[in-house]
Every structure is written in structure tokens, then in C-alpha cells.
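The values are calculated or read from the model by the stated rules, or taken from the named source; none is laboratory data. Bear in mind that the values here come from a model prediction, so they are computed numbers and not experimental data. All Cβ positions, even for glycine, are placed from backbone atoms using ideal geometry, and neighbour counts span all protein chains on display.
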Amino acid sequence: MKERFRKKFEEQLAISESMILCLTLAIVGGFLDAYTYISRGQVFANAQTGNIVLLGIGIAKGEPMAAVHYLLPILAFAVGIVVSEYLKSINSDNLHWRQLVIGIEFVIIAIVGFLSPDNLDYIANVAISFVCALQVQAFRRIHGTPFATTMCTGNLRTGMEFFCVYLKTHDPSKLRKTLQYFLVIAFFALGAFLGAHLTWRWDAHAIFFCNILLAVVFLLLFEEKRFYKEDVIKKTPPQ
């Protein structure tokens with residue numbers, strides 16, 4: 001009982017698994033999808049299912065260049081997962097490993113904002129696929145419950161699963177988890193809404209808005225790093 005209470009206490013204190021941080025990153029995820037669709041050639045850079053389908057279509061049509069066009073974002077996403085896992089192993093007295101992830105994401109997004117539309121869309125989409133992989137791998141939970149901040153299919157499925165359990169058991173905790181999942185989906189949609197309006201107005205430069213949110217996340221993570229550095233509880237930060 002004591003160990004379970006301790007674990008629950010630690011989860012509530014983990015900034016990297018907090019609702020506010022997850023919702024902020026969900027806005028970034030929705031924004032990036034709207035941005036790449038409107039400004040970067042009508043593609044979705046976050047989830048790779050569409051790229052895999054289009055890769056198969058390109059191969060079926062005998063268009064090798066089209067296949068390569070969709071293969072590279074898939075590979076960039078895969079590399080992003082590997083890099084995120086590598087960063088997890090880096091120990092720093094001053095920075096949380098997730099701050100390294102956010103820092104890399106910040107720099108790459110800043111570079112993408114300066115890439116010319118049309119001519120360099122291909123590079124921009126590959127870069128955004130990479131940073132989305134970093135984000136989805138580094139931020140996967142809200143207080144121990146799995147979530148995704150760059151795509152909605154899994155959140156929708158799991159949210160409805162919890163809702164079905166609630167209908168059977170009337171357990172308030174299941175309804176609460178259902179609402180959490182749908183809140184994340186709503187903030188993802190909000191990000192898409194903001195991404196559409198700002199991209200229509202500022203085109204490629206609209207992506208700089210994401211860096212404002214990423215800066216907030218970066219600063220919030222200092223609190224978690226400070227908490228564990230001071231050994232308030234004898235445990236390493238959540239992975």
C-alpha cells in the first residue's frame with residue numbers, strides 16, 4: 001500500500017506526465033499537421049500510416065521517385081524514435097533529457113520556418129516527421145496512462161475503451177480517463193485550427209508559433225529536474 005501511494009505521488013509530481021504539458025504538446029501536434037497540409041504540399045507529417053499507403057501506391061504505379069518521396073519521411077520518423085531513445089540515456093546535472101528533445105525540436109522547427117515553400121517542402125516534411133517522432137516517443141503518458149500528442153487514432157480508441165468500461169462498471173476513474181483522452185483530442189483539434197489560420201496568414205513562417213509553446217514546455221521541465229535533483233524523493237525521473 002505504501003509503495004503504491006508513493007508511486008501515485010511521484011506520478012502526480014512528474015511535470016513531464018502532467019496534463020498541462022500534454023495538452024500544450026497536443027496543440028503543437030495538431031498545428032504541425034495543419035501546417036504541413038496547407039503550406040507543405042498537402043501531407044500529414046505526424047502519423048506515417050498515410051505515407052506508407054502512398055508508398056505502396058507509388059510502387060504499384062511503377063513510380064520509383066514517388067515511392068522515395070514517401071519513404072524518406074518514414075525513415076526520418078524511425079530515426080527520430082532511435083534518437084529519442086538515445087537521449088533518454090544521457091545524464092545531465094542541468095537538463096532533463098526531455099529538455100534535450102524539446103531543444104532539438106525547437107531548433108529544427110526554427111530552420112523549417114525559413115525554408116522556402118514549394119521548392120523545399122520535401123526537406124521540411126522530412127524534418128517535421130523527425131521531430132514528431134522525437135515528441136511522440138519522449139512524451140507518452142499522463143500520470144502513467146499512455147497518450148499520444150501527435151496523432152489521435154490511438155487516443156480515440158483508448159478513450160472509447162475506457163468509456164465502455166465505465167458503462168459496465170460505473171467506475172468514476174474510467175470516466176475521468178475517458179474525458180482526459182477526449183480533452184487531448186480537443187486540444188489537438190485546437191492546434192489544427194490555429195495552424196490553419198496562422199498558416200493562411202503567414203505561410204511557412206507560421207510554424208514559429210510552435211516554438212513559443214515548446215519554450216514553455218522546456219521551462220516547465222526545469223521544475224521536474226529540480227525536484228529530482230534535490231532528492232525530495234529518492235527516485236530517478238519517470239522514463
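Inside segment 103-161, can you point out the residues that are in contact (Cβ under 8 Å) with a residue 60 or more places away in the chain and of a type in the set (K, R)?
R141
Within segment 28-37, can one find any residue that is at pLDDT below 90, within 13 Å of the chain's Cα centre (by Cα) and surrounded by 23 or more Cβ atoms within 10 Å (Cβ to Cβ)?
Of segment 28-37, the ones at pLDDT below 90 are none.
Checked against the condition, which is being at pLDDT below 90, within 13 Å of the chain's Cα centre (by Cα) and surrounded by 23 or more Cβ atoms within 10 Å (Cβ to Cβ), segment 28-37 yields no hits at all.
Within segment 87-115, track down each residue that is aromatic (F, W, Y) and within 16 Å of A204 (Cβ to Cβ).
Here is the first cut: in segment 87-115, the residues aromatic (F, W, Y) are 97, 106, 114.
Across segment 87-115, the qualifying residue is only F114.
Considering only segment 37-69, how many residues are part of a helix (DSSP H, G or I) and touching a Gly at 6+ places or on another chain (Cβ under 6 Å)?
Restricting attention to segment 37-69, the residues satisfying the condition of being part of a helix (DSSP H, G or I) are 37-39, 49-60, 64-69.
Then drop every residue that is not touching a Gly at 6+ places or on another chain (Cβ under 6 Å), which leaves 66-67.
Adding up the residues that qualify gives 2.
Write out, first by first residue and then by second, each pair whose Cβ atoms fall under 9 Å of each other, whose residues are 6+ apart or on separate chains, and whose first residue, in segment 76-101, is in contact (Cβ under 8 Å) with a residue 40 or more places away in the chain and farther than 30 Å from T49 by Cβ while the second is among the polar types (S, T, N, Q) and surrounded by 11 or more Cβ atoms within 10 Å (Cβ to Cβ).
Hits for this filter: H96/S16.
How many residues are under 16 Å from the mean Cα position of the chain (by Cα) and hydroxyl-bearing (S, T, Y) if we restrict to segment 50-98?
Matching residues across segment 50-98 total 1.
When you look at E17, is it farther than 22 Å from V79 by Cα, at pLDDT below 90 and buried (at least 21 other Cβ atoms within 10 Å of the Cβ), yes or no? Steps first, please.
Numbers: farther than 22 Å from V79 by Cα: yes; at pLDDT below 90: yes; buried (at least 21 other Cβ atoms within 10 Å of the Cβ): yes.
Considered against the rule, which asks whether it is farther than 22 Å from V79 by Cα, at pLDDT below 90 and buried (at least 21 other Cβ atoms within 10 Å of the Cβ), E17 comes out as yes.
Given the condition over 26 Å from F77 (Cα atoms) and of a type outside the set (D, E), answer yes or no: does some residue in segment 120-138 qualify?
First, pick out the residues of segment 120-138 that are over 26 Å from F77 (Cα atoms): none.
Within segment 120-138, not a single residue is over 26 Å from F77 (Cα atoms) and of a type outside the set (D, E).
Which members of segment 39-57 meet the condition of being closer than 20 Å to R201 by Cα and loosely packed, with under 14 Cβ neighbours inside 10 Å?
So in segment 39-57, the residues closer than 20 Å to R201 by Cα come out as 39-44.
The answer is Q42, and nothing else.
Is there any pair linking a residue in segment 196-213 that is in contact (Cβ under 8 Å) with a residue 40 or more places away in the chain and more than 18 Å from D118 (Cβ to Cβ) to one that is surrounded by 15 or more Cβ atoms within 10 Å (Cβ to Cβ) and of a type in the set (S, T, Y), with Cβ under 6 Å and at least six apart or on different chains, and which?
L213/T24
Just the residues that are surrounded by 15 or more Cβ atoms within 10 Å (Cβ to Cβ) and assigned to a helix (DSSP H, G or I), please, taken from segment 105-123.
Matches in segment 105-123: E105, F106, I108, I109, V112, G113, D121, Y122, I123.
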